[in-house]
Amino acid sequence: MPLHPPHVEPASSVFDVTRRYVRVRQRRDDGFVEFDFSIGDPGLSVELVMALPDYESFCTANRAVHLSDDEGEALDLEQLKWRYGQPGLSE
């Protein structure tokens, strides 16, 4: 059974480029935000770093869905399954 968060739909055969997601990794003391950005599937992302005002503008312009900590953890478990063959392994 896939571990997809309830309101983050799994990737389907149709890739929807209108759905955008952000997952904050760290809000740094120097005013920058480290985050993952996804288009269409929250499991496929790029890591970005922006100053907080730029990050906020970026999210607004992309109408990004902010993933919760629980949703992020579910994505991490799914990645571990693919990387190591079963969820929960760290080596």
Label point distance in nm, Asp70-Val17, each placed 7 Å from Cα along Cα→Cβ: 3.3
Whole-percent tail of the Cα-Cα distance distribution for segment 20-83, cut at 19 Å, equals 29
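Each value in this text was obtained by applying a stated rule to the coordinates, not by laboratory testing. Just so you know, these numbers come straight off a predicted model, no measurement behind them. Cβ coordinates were reconstructed from backbone atoms using ideal geometry, including for glycine residues, and neighbour counts include every protein chain displayed.
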